[in-house]
Amino acid sequence: MKRGRLETPGSRDLDADAKQMGQTWGQLEMLAQNRDAWRKLVGGPQAKMR
């Protein structure tokens, strides 16, 4: 494992993930407020049970 500064900041990784999902950062913030919608988006293990 390398020591020191990360190659890319975490926020840049999150932006790339949001872009890949076809969502904007604002849309993801709104979805995060709604647990059921967020679970459906991220596909967590509890997403299908509710």
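Every read-out reported here was derived from the displayed coordinates using simple, explicitly stated rules and does not represent laboratory data. Remember, predicted model here, so these are calculated numbers, not experimental data. Positions of Cβ are generated from backbone atoms using ideal geometry, with glycine treated the same way; all protein chains shown enter the neighbour counts.
Worth a mention:
- Local net charge near Gln23, Cβ-Cβ under 14 Å (Lys/Arg +1, Asp/Glu -1): -1
- Protection proxy ranking, highest mean first, for peptides 20-29, 34-43: 34-43, 20-29, where packing is the per-residue count of other beta-carbon atoms within 10 Å, averaged.
- Label-point gap, in nm, between Met30 and Asp15 - each point 7 angstrom along Cα→Cβ: 2.1 nm
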